[in-house]
Each structure stands twice: as C-alpha cells, then as structure tokens.
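Peer 1: Here it is: the structure, laid out below.
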Amino acid sequence: MNVGDTLAPLEIPVTRTLIVAGAIASRDYQDVHHDAELARAKGSPDIFMNILTTNGLVGRYITDRLGPYAVLRKVAIRLGAPNYPGDTMTLSGTVTALDGNTAEIRVTGANGIGHHVTGTVTVTLGAEEGPA
C-alpha cells in the first residue's frame, strides 16, 4: 500500500429496507428515517438514511477492502446529499497517509444527487496482511 493508492469502489443499493433497518439497528427512531408521509410533511421528498448507518457502511467498505486484520481506529465523516430509496451510493477511497502499519484513507460516497458522505478513516493493518 502506498500513498495515492485507490481502493476498489463499492456500490450499495439504497433500499427502503436498508434505510429503515439501519435506523432501527442504531436506535434512531426519528420519523424521517422510516415514515415517508411524515418525512414529506417535514420537507423531504422521502425517508433518508441516518448518519449511523452511513458510518457503518463506511467502516464496512474499509474492512472489506483491507481484509480481516484491518482495525478501524477513527472514522470522521460529514454528510452531504441525502441517501433516498431507489438510489445507489458508490463508496471510493484513496490512501492519503501512511505511518508504519497505520493508514489514513479519504472516503467519498456519491449518489445520484451528489456526495452523500466525505471523510477520513484511520485504520491499522496487521503485520501478516494488507492489500498486495
């Protein structure tokens, strides 16, 4: 792994089930994450994904790409364009810094209306593994 290396992208279909299940799993019962009618009443065209689900998907992306010995040390993300049902979010990453077995990766998750998530992930790689 070298600074500037990119990780293979991951496409995640944004389904109504994913949005609702992520909200329930993270105990986020805000109506905008499960009730389309109430979401519309609050000015949103539909329900939308919560930040905790996005955070989990970013973590999954990094560990799926770097292998079972990758340990997330820090995930710092910012949300932008909402993830609505029926869209696809494509996660991509670029290695921005290396220090021994610790890497910093810039992550972006884009959907049909813009960048849903941007941020950095700090990850430690085990001595026996890492991407070739």
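Peer 1: Test of understanding: among MET1, MET49, which residue is in a loop (DSSP other than H, G, I, E, B) and at pLDDT below 95?
Peer 2: When all the criteria are applied, what remains is MET1.
Peer 1: For region 54-98, give me each residue that is assigned to a strand (DSSP E or B) and within 20 Å of ARG16 (Cα to Cα).
Peer 2: Within region 54-98, LEU79, ASP87, THR88, MET89, THR90, LEU91 meet the criteria.
Peer 1: Additional query: Say whether the condition of being outside any strand (DSSP E or B), at negative phi, touching a Leu at 6+ places or on another chain (Cβ under 6 Å) and crowded, with 18+ Cβ neighbours inside 10 Å is met by at least one residue in region 99-109.
Peer 2: Checked against the condition, which is being outside any strand (DSSP E or B), at negative phi, touching a Leu at 6+ places or on another chain (Cβ under 6 Å) and crowded, with 18+ Cβ neighbours inside 10 Å, region 99-109 yields no hits at all.
Peer 1: Answer yes or no as to whether GLY67 is under 21 Å from GLY4 (Cβ atoms), open to solvent by less than 40 Å² (accessible area, probe 1.4 Å), of a type outside the set (A, V, I, L, M) and touching a Lys or Arg at 6+ places or on another chain (Cβ under 8 Å).
Peer 2: no
The values are calculated or read from the model by the stated rules, or taken from the named source; none is laboratory data. A quick note: this is a predicted structure, and the numbers were derived from the prediction, not measured. Virtual Cβ from ideal backbone geometry, glycine too; neighbours counted across all protein chains shown. Accessible surface is based on the protein model in full, side chains and every heavy atom, while ligands, DNA and RNA are left aside. Shrake-Rupley method; radii C 1.70, N 1.55, O 1.52, S 1.80 Å.
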